[in-house]
């Protein structure tokens, strides 16, 4: 393939008016304007992570920065948690990015607020099961992102892999579906499209690009790791999450195993684990490079990370590889 296509035509590229159906995940503490703009300039959909900022005005400044760095569509990711998102959503709607994605919980309140604002913004909801996808569709979401058990960060509770989850969700909703979890290269893009998905979301893979603010030690660890080098923590509190193996994750697992042997309440479990899973424990490793003193999110696809390219190089390589896989399949048939 000597030249890249002017555009890949899926329901998602038409929905967002982007060149390629490749979305950068809302990486906690890592998805700033520089990365989002680089992904969007390369033809994908970059995203700024709301969780990267302490105040709504800091988020506003980064959205405005992204607008200076790209004239292409980009999104803002909202992870549902214990922090109030109202002020962050207000400034985001005032800045009117092309898309808002919602992860980690019940999206109803945020979707209602977005719809009531009247702002023309596309909404995406991360889901890990059929019921959640159907609920997102019923609430008016424009697309869902189906994340399989292979993915990094917080996952669904049912341990369903991407190859099964994506077709199940496609059979259950009418809106565009993106595949996520276990995807890193053009083979994954081609496979997702073959399953019927309208595109893919890449999380961990975009940690290891040059525009990412992840510490070089974190990036190098992803390059050197194998697909067997992740574990799932936080099951004891009902929110399983995949991380790179290390001393702190091992200690967290030991605490969880102890909690499982006791009759502790959910509140007691959370209080016991909280000092070990706070955001600063994550950033100690991901931003400061102290991997033995914290934890970092990572999906099983780390076995497919072999370098640290630019966002543009990664996206163009994925598109080229996907095209080659399509050509190979055509020869088979």
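The values are calculated or read from the model by the stated rules, or taken from the named source; none is laboratory data. Bear in mind that the values here come from a model prediction, so they are computed numbers and not experimental data. For neighbour counting, all protein chains shown are included, and Cβ atoms are generated from backbone atoms with ideal geometry for every residue, glycine included.
Structure data summary
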{"item": "Filtered residue count, region 194-224, keeping only those that are in a loop (DSSP other than H, G, I, E, B) and either without any contact (Cβ under 8 Å) to a residue 12 or more places away in the chain or farther than 23 Å from residue 39 by Cβ (or both)", "result": "1"}
{"item": "Condition met for residue 132 (at pLDDT 95 or above and under 27 Å from residue 181 (Cα atoms))", "result": "yes"}
{"item": "Breaking point among (1) more than 20 Å from residue 188 (Cβ to Cβ); (2) surrounded by fewer than 22 Cβ atoms within 10 Å (Cβ to Cβ), for residue 306", "result": "(1)"}
{"item": "Complete set of residues in region 136-159 that are over 24 Å from residue 227 (Cα atoms) and touching a residue at least 40 places away in the same chain (Cβ under 8 Å)", "result": "142, 143"}
{"item": "Evaluation of residue 220 against (1) surrounded by fewer than 19 Cβ atoms within 10 Å (Cβ to Cβ); (2) touching a helix residue (DSSP H, G or I) at 6+ places or on another chain (Cβ under 7 Å) (one fails), failing number", "result": "(2)"}
{"item": "Complete set of residues in region 279-299 that are under 18 Å from residue 253 (Cα atoms) and either in the same structural domain as residue 39 (by TED's automatic domain parsing) or in contact with a helix residue (DSSP H, G or I) (Cβ under 9 Å, 6 or more places away or on another chain) (or both)", "result": "279, 281, 285, 291, 292, 293, 294, 295, 296, 297, 298, 299"}
{"item": "Members of region 12-36 found to be without any contact (Cβ under 8 Å) to a residue 60 or more places away in the chain and in a helix (DSSP H, G or I), listed by number", "result": "14, 33, 36"}
{"item": "Residue that is surrounded by the most Cβ atoms within 10 Å (Cβ to Cβ), among those in region 175-193 that are out of contact with any strand residue (DSSP E or B) (no Cβ under 6 Å at 6 or more places or on another chain) and in a loop (DSSP other than H, G, I, E, B)", "result": "182"}
{"item": "Residue that is surrounded by the most Cβ atoms within 10 Å (Cβ to Cβ), among those in region 160-174 that are outside any helix (DSSP H, G or I) and in contact (Cβ under 8 Å) with a residue 40 or more places away in the chain", "result": "173"}
